[in-house]
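The values are calculated or read from the model by the stated rules, or taken from the named source; none is laboratory data. Bear in mind that the values here come from a model prediction, so they are computed numbers and not experimental data. FYI the Cβ positions are ideal-geometry reconstructions off the backbone, even for glycines, and counts take in every protein chain you see.
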Amino acid sequence: MDVTPVMLTTLGGALSATLGVLVGGAVTRRVQERHWLRDRQLQAYQELFSQYASFMMALRRGHLDRRQVDVDWAAWSAALTAASLVAPLEVARSIDQFAKAVAVFLGSVASRDPATNPVDEKGLTEASRPAAAAHLALLNAIRRSLGRSLESMPFYLGGTLGDHAEGADQGDTAA
């Protein structure tokens, strides 16, 4: 009796099973790495927007109330860096543009003493226009990076304060 066909069949089955385990392990690892990265991205983006909203509100309130404001600029810088570390290139570029636009606002507002030389409501809104536009652009870059099923937002929620066309829901027809 020739055992060669039995040996080849057994060896082929064992090789197929081993290959299946290796491929399955590689695919599972890749999926887990994607999930881990996506979780880190969402955490970093959340912290970035949280820091942004915090100092925008603090500066606005400080100027309107004519009182000193203490902002943790190190936390803002760390949030920018953390988001940039995990962001895909398109989002990282939008983060850079956002940071530059925020710097325009800070140059106009944070450089002035809110107690002795405050910026009024109109000035705050005008100074925040570049940040508002960059905020919306970054929000949409993040949404695109998270998946094709997320449409671009025509408005933002939170963060930029003031009356900006960039942040208004254009579909809202109520007066």
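See the values below:
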read-out	value
Check on Glu33, modelled with pLDDT under 85, of a type in the set (Asp, Glu) and surrounded by fewer than 16 Cβ atoms within 10 Å (Cβ to Cβ)	yes
Which listed residue, of Ala44, Ala75, Ala17, is surrounded by 16 or more Cβ atoms within 10 Å (Cβ to Cβ) and of a type outside the set (Ser, Thr, Tyr)	Ala44
Enumeration of residues in segment 1-45 that are polar (S, T, N, Q) and more than 30 Å from Ala78 (Cβ to Cβ)	Thr4, Thr9, Thr10, Ser16, Thr18, Thr28
Any hit, segment 90-98, residues being in a loop (DSSP other than H, G, I, E, B), among the acidic types (Asp, Glu) and free of Cβ contacts under 8 Å to residues at least 24 places away in the same chain	no
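Residues checked against (1) within 13 Å of the chain's Cα centre (by Cα); (2) assigned to a loop (DSSP other than H, G, I, E, B); (3) among the aromatic types (Phe, Trp, Tyr):
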| residue | (1), (2), (3) |
| --- | --- |
| Ser77 | no, no, no |
| Leu85 | yes, no, no |
| Pro114 | no, yes, no |
| Gly123 | no, no, no |
| Ala132 | no, no, no |
| Leu157 | no, yes, no |
